[in-house]
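> Questions regarding the structure given below will be posed in turn.
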């Protein structure tokens, strides 16, 4: 690919390279089933449990970022909300059960999205420099990185942040002197990946999934000078980048 200009590619990890939300959803299904049983006499509906947990979950992430204790806490706070609403006494054994359930999501085995290895290898072999930028706590995210052997693609260019926003992204850009016109952000979150990248004037690829976490869904603000693309599969990323570069080069030479 001698005609392809060298690019700097910043990849999100959770639900971009590896599965994440599906494990939280499995735990939520268990949680909702559990509460439905505990509150059976009160007639508590599953959709009401799901809606309240989502509200508490999203509000908490805004406050503490991607902290591991937040998700188990959201289950306990949802339980306390309905206990108070229906005047049902809370119990420490039940709260302990919910904390254990919520924390178990971080012990799940990591699973790569289809084509992860092929996509990263293709981009690496094309001569591009790859960066990993993920939200969460060091120990939890590092375990995933190690299981997936991602350092073979990203080397030391790995950034774990509890808050993913334009400030965190700008720090990566400036500390590594990344040229914005040749830098891309690739991720699944409109809030954490796409909007900050657009604000930072980076080329951006949004990997849109059918089921998305409520926190990730926002209305995008003003666009960027750089390229913005939406795909449905990780494996589409190399073609999008290389096609965009060819179009840009053709316009430059013909102009």
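> Right, residue 172: surrounded by fewer than 20 Cβ atoms within 10 Å (Cβ to Cβ), under 27 Å from residue 60 (Cβ atoms) and in the same structural domain as residue 241 (by TED's automatic domain parsing) or not? Give the derivation first.
Numbers: surrounded by fewer than 20 Cβ atoms within 10 Å (Cβ to Cβ): yes; under 27 Å from residue 60 (Cβ atoms): yes; in the same structural domain as residue 241 (by TED's automatic domain parsing): yes.
Yes: the conditions hold for residue 172.
> Would you confirm whether or not segment 125-138 contains a residue that is assigned to a helix (DSSP H, G or I) and over 18 Å from the mean Cα position of the chain (by Cα)? So that I can check it myself, show each step before the final result.
Pass one, segment 125-138, residues assigned to a helix (DSSP H, G or I): 125, 138.
Filter once more, so that each one left must be over 18 Å from the mean Cα position of the chain (by Cα): 125.
Yes, that holds for at least one residue.
> Next question. Within segment 135-151, is there a residue that is over 30 Å from residue 44 (Cα atoms), touching a helix residue (DSSP H, G or I) at 6+ places or on another chain (Cβ under 9 Å), buried (at least 19 other Cβ atoms within 10 Å of the Cβ) and modelled with pLDDT under 95?
Yes; the residues of segment 135-151 include at least one that is over 30 Å from residue 44 (Cα atoms), touching a helix residue (DSSP H, G or I) at 6+ places or on another chain (Cβ under 9 Å), buried (at least 19 other Cβ atoms within 10 Å of the Cβ) and modelled with pLDDT under 95.
> Determine which member of the set 27, 4, 18 is in contact (Cβ under 8 Å) with a residue 60 or more places away in the chain and over 27 Å from the mean Cα position of the chain (by Cα).
Working: 27 fails: over 27 Å from the mean Cα position of the chain (by Cα); 18 fails: over 27 Å from the mean Cα position of the chain (by Cα).
Step by step, each of 27, 4, 18 is checked, and only 4 is in contact (Cβ under 8 Å) with a residue 60 or more places away in the chain and over 27 Å from the mean Cα position of the chain (by Cα).
> Do we have any residue at all in segment 100-116 that's on the phi > 0 side of the Ramachandran plot and modelled with pLDDT of 95 or more? Steps first, please.
Start the filter on segment 100-116 by keeping residues that are on the phi > 0 side of the Ramachandran plot, which leaves 115.
If we keep only those that are modelled with pLDDT of 95 or more as well, we get 115.
Yes, segment 100-116 contains at least one residue that is on the phi > 0 side of the Ramachandran plot and modelled with pLDDT of 95 or more.
> Listed residues 73, 88, 99; which is more than 24 Å from residue 207 (Cβ to Cβ), in contact (Cβ under 8 Å) with a residue 12 or more places away in the chain and in a loop (DSSP other than H, G, I, E, B)?
Working: 73 fails: in a loop (DSSP other than H, G, I, E, B); 99 fails: in a loop (DSSP other than H, G, I, E, B).
Criteria check complete, one pass: 88.
> Answer yes or no: is there a residue in segment 45-55 that is in a loop (DSSP other than H, G, I, E, B), modelled with pLDDT under 95 and in contact with a strand residue (DSSP E or B) (Cβ under 9 Å, 6 or more places away or on another chain).
For segment 45-55, residues in a loop (DSSP other than H, G, I, E, B), modelled with pLDDT under 95 and in contact with a strand residue (DSSP E or B) (Cβ under 9 Å, 6 or more places away or on another chain): absent.
The values are calculated or read from the model by the stated rules, or taken from the named source; none is laboratory data. Remember, predicted model here, so these are calculated numbers, not experimental data. Don't worry about glycine lacking a Cβ; one is built from the backbone with ideal geometry, like all the others, and counts go over all protein chains shown.
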